[in-house]
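Chemist: My structure is below; once you've seen it, I'll send some questions.
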């Protein structure tokens, strides 16, 4: 199982663009690439998964134990030629002083050599101490190569290559020149999700072509780590006898934020996942439960409001006892209304509150939650503390103070 971790010296260096270009370019050679994304993220994994042709899975020290991370890598990359892990932020950035949840820590845990993507705008000789410093800070981290990004041209690239060759022994695997065609439009949470980008496939193809031209992929593949990975197999599911539980999942341009691990766990438990569209369908399918994940419903709120038949069908179904789970954008959709950019649209009206979009984040980082009431699920013990993450610009207002809250926040950490 070959492994590489794509990181950077600091955030916003272009590692996502390089990573998805590598996924697509390597997959185009007929190799099986299993992408992973470090940290809590829905949007980058959607692009990486589409580029690789298989779902991208998240690896998160805050919500997963080291053993669970190794199991995820070992299980999902077991039939792949390469596990490509994209980091978040810089190589050594993290929540604590010791970097226990950094990209470097993940590289060491998974025995993955690191490829550094360096934003080289305005740099010449200074590129050498940047590389040497990253090497010296933790000698247990194997920096196998660098990819220079945002280069000003061939002359700029030649200067940087000469400096790196003279002062370091780290190979330069490629030089990606500054090109507006490589950019992916962004929104307040990051990149525009690939389920909204009508030309996502074309954009991935263009990025793949540039990466193939400007990165030595053969040499990059030769640097992948192949040390044995010690992990526990993922438990096999034992579907219950009788009819499978059908869970409706909202999947369209408004809602698309789901972790593949969650969906796979439901299927292993015997559930049948039934997708539907909040924009086109006028009634829920025949289901036993409802799951509405995150997304950007504010960008589609006029269409969501126009589909009154489905909104009323969902409200009636939940009021009549249909189990429902909604998070982030799904929670916004189940509220009474959604207001964004001075425009207000009616939503499903299940939750006695209104959603207001703000210009600045209202929640950003990790949280620890404690269950306030006995277990939500019959027969299950109450959870002590649950790890979760939040990143949203929305807030519920005009709340009914008699609402029953299942959880309380124990700690927030940015």
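The values are calculated or read from the model by the stated rules, or taken from the named source; none is laboratory data. Given the structure is predicted, the values throughout are model-derived calculations rather than measurements. Please note: Cβ atoms are built from the backbone with ideal geometry, for glycine as well, and neighbour counts cover all protein chains shown.
Chemist: Taking the options 170, 176, name whichever one is in the same structural domain as residue 102 (by TED's automatic domain parsing), crowded, with 17+ Cβ neighbours inside 10 Å, at pLDDT 80 or above and assigned to a loop (DSSP other than H, G, I, E, B).
Modeler: So the residue among 170, 176 that is in the same structural domain as residue 102 (by TED's automatic domain parsing), crowded, with 17+ Cβ neighbours inside 10 Å, at pLDDT 80 or above and assigned to a loop (DSSP other than H, G, I, E, B) is 170.
Chemist: Return only the number of the condition from (1) at pLDDT below 95; (2) surrounded by fewer than 24 Cβ atoms within 10 Å (Cβ to Cβ) that residue 43 does not satisfy.
Modeler: With respect to (1) at pLDDT below 95; (2) surrounded by fewer than 24 Cβ atoms within 10 Å (Cβ to Cβ), residue 43 is out only on (2).
Chemist: How about the stretch 300-340: which of its residues are modelled with pLDDT under 95 and on the phi > 0 side of the Ramachandran plot?
Modeler: 328
Chemist: Mind checking which helices (runs of 4 or more DSSP H) fall wholly inside the stretch 245-344 and carry at least 3 residues that are touching a strand residue (DSSP E or B) at 6+ places or on another chain (Cβ under 7 Å) and either farther than 21 Å from residue 397 by Cα or assigned by TED's automatic domain parsing to the domain that holds residue 391 (or both)?
Modeler: The helices (runs of 4 or more DSSP H) meeting that bar are 260-268, 301-306, 329-334.
Chemist: Suppose the filter is modelled with pLDDT under 95, touching a helix residue (DSSP H, G or I) at 6+ places or on another chain (Cβ under 7 Å) and surrounded by fewer than 19 Cβ atoms within 10 Å (Cβ to Cβ); does residue 53 pass it?
Modeler: Judged against the criteria, residue 53 is not a match.
Chemist: Just to be sure I understand, how many residues within the stretch 206-230 are part of a loop (DSSP other than H, G, I, E, B) and crowded, with 18+ Cβ neighbours inside 10 Å?
Modeler: Qualifying residue count, the stretch 206-230: 2.
Chemist: Next question, about the same structure. Yes or no: residue 145 more than 24 Å from the chain's Cα centre (by Cα), surrounded by fewer than 17 Cβ atoms within 10 Å (Cβ to Cβ), in contact (Cβ under 8 Å) with a residue 12 or more places away in the chain and within 20 Å of residue 17 (Cα to Cα)?
Modeler: So residue 145 fails the test.
Chemist: Taking strands (runs of 3 or more DSSP E) that fall entirely within the stretch 1-119, which contain at least 2 residues that are over 25 Å from residue 129 (Cβ atoms)?
Modeler: 2-8, 33-38, 57-59, 82-86
Chemist: Kindly check whether there is at least one residue in the stretch 286-299 that is surrounded by fewer than 19 Cβ atoms within 10 Å (Cβ to Cβ) and under 24 Å from the mean Cα position of the chain (by Cα).
Modeler: Yes, that holds for at least one residue.
Chemist: Would you check if residue 151 is modelled with pLDDT of 95 or more, in contact with a helix residue (DSSP H, G or I) (Cβ under 7 Å, 6 or more places away or on another chain) and either crowded, with 20+ Cβ neighbours inside 10 Å or not assigned by TED's automatic domain parsing to the domain that holds residue 16 (or both)?
Modeler: Yes.
Chemist: Right, here's the next one. Can you tell me which residue within the stretch 80-116, out of those that are over 22 Å from residue 43 (Cβ atoms) and modelled with pLDDT under 95, is surrounded by the fewest Cβ atoms within 10 Å (Cβ to Cβ)?
Modeler: Looking at residues that are over 22 Å from residue 43 (Cβ atoms) and modelled with pLDDT under 95, I get 97.
Chemist: Can you say whether residue 27 is surrounded by fewer than 23 Cβ atoms within 10 Å (Cβ to Cβ) and either within 17 Å of the chain's Cα centre (by Cα) or in the same structural domain as residue 208 (by TED's automatic domain parsing) (or both), as far as the supplied structure shows?
Modeler: Yes, satisfied.
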